[in-house]
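Here is the structure we will look at.
The values are calculated or read from the model by the stated rules, or taken from the named source; none is laboratory data. It should be emphasised that the depicted structure is a prediction, and the values quoted were computed from it without experimental measurement. Cβ placement follows ideal geometry from the backbone for every residue including glycine, while neighbour counts extend to all protein chains displayed.
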Amino acid sequence: GEAPCQRLFGLSATQLREILDFRLMRDFPVVAQLDEGHARLSPLSISSIDCEGRQVIVSGGYEFRGNIGVMDVTRQGTLVIQLRLTPQQGRRQVFLEKPELQDITFDNPAPWFDGKAVSNWALALFATPICARLQSGLPC
């Protein structure tokens, strides 16, 4: 898979992965108070890059503290999200956009926790495309 990355981005797949990892480190970890409880998403890392298909798979751990009546219940697991890689050739930039949930795992399934609150929140974090400069990995 080196050639498509080189052609689209002028970088090897390895270089592109390093740049995107560096870019994602700026936005995570992130925490939020959701209706269902408190969520924290750890830094995401790139699991795979497919320049030809213009897709990248990222994964990260989450922790969720749910409020169920008086109980304070914690769940953790991994989120796997697929993002579209959109090059902006003239500008030497790339966008990560159009998130799709690939998988969510939890340490302890329960009727009250299907991971939806966490996965919907995580997908919403990418509602605005994330832009990275190809030279530096800095935000555009």
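Just a few scattered comments:
- The single residue among Glu52, Glu97 that is in contact with a Ser or Thr (Cβ under 9 Å, 6 or more places away or on another chain) and surrounded by fewer than 17 Cβ atoms within 10 Å (Cβ to Cβ) turns out to be Glu97.
- Only a single item in (1) free of Cβ contacts under 8 Å to residues at least 40 places away in the same chain; (2) under 18 Å from the mean Cα position of the chain (by Cα); (3) surrounded by fewer than 16 Cβ atoms within 10 Å (Cβ to Cβ) is not met by Asp114, and it is number (2).
- Summed over the stretch 58-70, residues that are surrounded by fewer than 18 Cβ atoms within 10 Å (Cβ to Cβ), among the hydrophobic types (A, V, I, L, M, F, W, C) and assigned to a strand (DSSP E or B) total 1.
- Looking only at the stretch 38-68, and only at residues there that are touching a Leu at 6+ places or on another chain (Cβ under 6 Å) and more than 18 Å from Gln93 (Cα to Cα), the one that is modelled with the lowest pLDDT: Leu44
- Among the residues of the stretch 83-135, those that are assigned to a loop (DSSP other than H, G, I, E, B), in contact with a Lys or Arg (Cβ under 9 Å, 6 or more places away or on another chain) and either within 20 Å of Asp21 (Cα to Cα) or not charged (D, E, K, R) (or both) comprise Arg92, Phe106, Asn108, Pro109, Gly115, Phe126, Pro129, Leu134, Gln135.
- Residues of the stretch 43-65 satisfying the condition of being hydroxyl-bearing (Ser, Thr, Tyr) and within 17 Å of Lys116 (Cα to Cα): Ser59, Tyr62
- Of all residues in the stretch 18-42, exactly one satisfies the criterion of being over 13 Å from the mean Cα position of the chain (by Cα), in a helix (DSSP H, G or I) and surrounded by 15 or more Cβ atoms within 10 Å (Cβ to Cβ), namely Ile19.
- Residue identified as among the acidic types (Asp, Glu) and without any contact (Cβ under 8 Å) to a residue 40 or more places away in the chain among Asp107, Asp50: Asp107
- Unmet requirement for Asp35, which otherwise passes all of (1) at pLDDT 95 or above; (2) under 19 Å from Ser119 (Cβ atoms): (1)
- Of all residues in the stretch 71-94 being charged (D, E, K, R) and loosely packed, with under 14 Cβ neighbours inside 10 Å, the one that is farthest from Gly137 (Cα to Cα): Asp72
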